[in-house]
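Each remark here refers to the structure printed beneath this line.
The values are calculated or read from the model by the stated rules, or taken from the named source; none is laboratory data. These numbers come from a predicted model, not from an experiment. Cβ coordinates were reconstructed from backbone atoms using ideal geometry, including for glycine residues, and neighbour counts include every protein chain displayed.
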Amino acid sequence: MADGVRGLKVVDGLELPRPYREALRPGELVRDAAGRTVQLPRYFYEVASWEKALETELSPHFGAFEFLDIDLREAEPLRAFPRYLPCAVVPFAAVLERFRDAVGGPVRIAANGGYRSPSHALSQDTSPHLWGAAADIYRIGGEYLEGADRIRRYAELAQRTVPGVWVRPVGDGVGGAFDHLHLDLGYVTLVPRAKRLKEPE
Amino acid sequence: MSGELVEDIEELASDAGASAVAVAAHDLMDGRSLELHADRWFHAASTIKVAVLLALYDAIERGELPEDARVHVRNQFTSLADSRYYRVDASRDGNEVVYGYVGRTMRIRDLAHHMIVTSSNLATNVLVELLGPEAIRASLARQGVEGVEFRRGVEDDRAWEAGINNRVTAAGLTELLRQVAEGTAVSESASSEMLEVLLDQRFVSGIPAGLPEGTRVANKTGEISTVVHDAGVVYLPDRDPYVLAVLTEWNEDGDTSRRRKLIADISKLVLERFVERKDG
C-alpha cells in the first residue's frame, strides 16, 4: 500500500490477518504508567524472512534482525515469518547510530531488547519497545554492560550526546537496569507517505 | 551383610573426615534397596539441577514449552531473599560456553545439556526463571518425589545467608533417578532424553571413579564448601542398572579431592558388597 524502506513493504496493521491483528493490536489506544492515553503503532514494515532481516540495514550499522531477535516470550504468530516492525524503528535506528558515533564502536541490542509486540510476555506496561522506539543494549564493543558503574557511564554519555533520548535508571531492583542500558524515544509513531497512484496534472 | 556394609561406609566417611554421610541405593534388577541416613536432608548444591531437568521436560511434554524454543540468556536473577537482582559468577561456574550467549538466545535443550553435563549455573538459572519455582515443585509433586525440595535458583548468596536453600535426601534423589531409569519420569520418551543428557556427564570423579573402567553412569554431582554429593544410574554390562546417591557434609576449607575420593570409595564398596554381593 505504501512506499517501503530498503525493500521492506509497508503494511497497515488493521489489514493484516486476524492472528497478527490480535497480537499487534494496531492503532489501539492504551494507557501509559502515568495514565495518559497513547496509540499503539498502526503501520509496520513487513519482513519476509530471517535472511531478509539479516540483509536489511535500517541505518548504516543497525539491521532489521537486531530488532527482531526475540525468544519464546513473544506471541506465537509473531515468532515466525513474515514478521512486522513498527515504522518508527527507522528513525530510532538513526538515533542509535548517533549513540554509536558517541561511543566509537559497535552497539549490540539484546534479545527481546528491540521490538516487542503488545502480546510479548514482557510487555505488561506500555514500554516504547512496543513502538519500535527502544533498545536494551547489552554490549558496547567488547564490553558487557554488567554493573552499575558501566551502565551509568554509558547512560550519561547517551544523555549528553543523543537529543531527546530517555535512559532507564540503573538499579538492582525491579524496574532498574542491571545488565543492560535501556534507551528510548518515547511513544513515537510514524505513518509513511504513500506512493501516489497518479501524478498530479 | 547390609548392616556390616552400612558400618563400613560410616567408617570410611569418618576416616575421611566427613561430618555426615547418607547413602541410598536401589537395584532395578531385583528391587533390593540399601539405606543409610537416607532421609536426612542436605543442602542440594548442584544435584537440584536434576529437578530442573525434570520440570523442563515436563513443561515440553505438557505443551507449555515448544521443544525447539529459544530463550534469552541473561545474567540477571531475582534473589529470593530480598527481590533484588544478582548475577552468577563466571569464575565459580563449571561452564564458560553459556556466558558467550549472554544477551542472545539459546535453545532450551542446549541450556539443559550445559546445566547437567558441565553443571552450568547460568544455564540453570535461565531455565529456573523460565519455568518458575512453582512449576518445578509441581513437577516433583506429580512424580511423587518427596526428598527433593526446590526453593530457588543457584548462587543466590543472599538467600543462602537467609537460610533459604534447596534440599535433598539420598532417598529423594534415588527415587527421582529411578523413575528416569525406568522411563516413568514424565513419559518414556522424556525419561529417555533426560537419561541421555545425564549419561553425557563430564564430572566423573565421584560415583563413576569407583566403578570398572568403561561403566556408563548417568549422574549429577553437587559441590559447595560444605557438601559434596553424587547421584546416578549405573549401567554395568549384562545386568539391569542400579541407582545410587551418596551425600556428604563437611566442615569448610577441606581437601576437595579427598571428598570426591570418599564418594568413589563408597561407590566401589556398594558395587562389591551390595550389587555383586561379595563378602566384606
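Here is a check on your reading of the model: is residue B:107 crowded, with 16+ Cβ neighbours inside 10 Å, within 11 Å of chain A (Cβ to nearest Cβ) and basic (Lys, Arg)? No, not satisfied. Selection of first residues in the range A:50-63 that are on the phi < 0 side of the Ramachandran plot and of second residues that are outside any helix (DSSP H, G or I) and among the basic types (Lys, Arg), restricted to Cβ pairs under 8 Å at least 6 apart or on distinct chains, gives the following pairs, ordered by first then second residue: A:53/A:83; A:56/A:6; A:57/A:6; A:58/A:6. Just name the residue that is farthest from residue A:154 (Cα to Cα) out of those in the range A:74-99 that are among the charged types (D, E, K, R) and surrounded by fewer than 19 Cβ atoms within 10 Å (Cβ to Cβ). The residue in question is A:76.
Looking across the range A:144-186 at every residue that is over 18 Å from residue B:86 (Cα atoms) and either of a type in the set (Phe, Trp, Tyr) or within 12 Å of chain B (Cβ to nearest Cβ) (or both), the one that is surrounded by the fewest Cβ atoms within 10 Å (Cβ to Cβ) is identified as A:166. Close Cβ contacts (under 8 Å, 6 or more residues apart or on different chains) running from residues in the range A:102-130 that are free of Cβ contacts under 8 Å to residues at least 12 places away in the same chain and closer than 23 Å to residue A:39 by Cβ to residues that are outside any loop (DSSP other than H, G, I, E, B) and of a type outside the set (A, V, I, L, M, F, W, C) comprise A:123/A:129. Of all residues in the range B:215-254, how many are surrounded by fewer than 24 Cβ atoms within 10 Å (Cβ to Cβ), charged (D, E, K, R) and within 19 Å of residue B:46 (Cα to Cα)? Total meeting the criteria: 4.
Taking the range B:103-180 as the region of interest, the helices (runs of 4 or more DSSP H) fully inside it that hold 3 or more residues being among the polar types (S, T, N, Q) and closer than 18 Å to residue B:91 by Cα are B:121-131.
When each of B:169, B:174, B:184, B:105 is tested for being free of Cβ contacts under 8 Å to residues at least 60 places away in the same chain and within 30 Å of residue B:239 (Cβ to Cβ), the lone residue that passes is B:184.
Confirm whether residue A:158 is hydrophobic (A, V, I, L, M, F, W, C) and modelled with pLDDT of 85 or more. For residue A:158, the condition - hydrophobic (A, V, I, L, M, F, W, C) and modelled with pLDDT of 85 or more - is met. Does residue A:35 qualify as being on the phi > 0 side of the Ramachandran plot and free of Cβ contacts under 8 Å to residues at least 12 places away in the same chain? Against the criterion (on the phi > 0 side of the Ramachandran plot and free of Cβ contacts under 8 Å to residues at least 12 places away in the same chain), residue A:35 qualifies.
Here residue B:90 meets each of (1) at pLDDT 95 or above; (2) within 14 Å of another protein chain (Cβ to nearest Cβ) with one exception, condition (1). Of the candidates B:54, B:5, B:36, the single residue that is in contact (Cβ under 8 Å) with a residue 60 or more places away in the chain, surrounded by 14 or more Cβ atoms within 10 Å (Cβ to Cβ), away from every other protein chain (no Cβ under 14 Å) and more than 22 Å from the chain's Cα centre (by Cα) is B:5. Under the condition of being over 19 Å from residue A:70 (Cα atoms) and surrounded by 13 or more Cβ atoms within 10 Å (Cβ to Cβ), the residues counted in the range A:20-39 number 7.
Looking at B:43, B:26, which one is more than 14 Å from chain A (Cβ to nearest Cβ), in contact with a helix residue (DSSP H, G or I) (Cβ under 6 Å, 6 or more places away or on another chain), surrounded by 17 or more Cβ atoms within 10 Å (Cβ to Cβ) and more than 30 Å from residue A:110 (Cα to Cα)? Going through B:43, B:26 in turn, the sole match is B:26. Output the number of the condition that residue B:75 fails; it satisfies all remaining conditions of (1) within 14 Å of chain A (Cβ to nearest Cβ); (2) surrounded by fewer than 19 Cβ atoms within 10 Å (Cβ to Cβ); (3) of a type outside the set (A, V, I, L, M, F, W, C). (2) is the only condition that residue B:75 fails.
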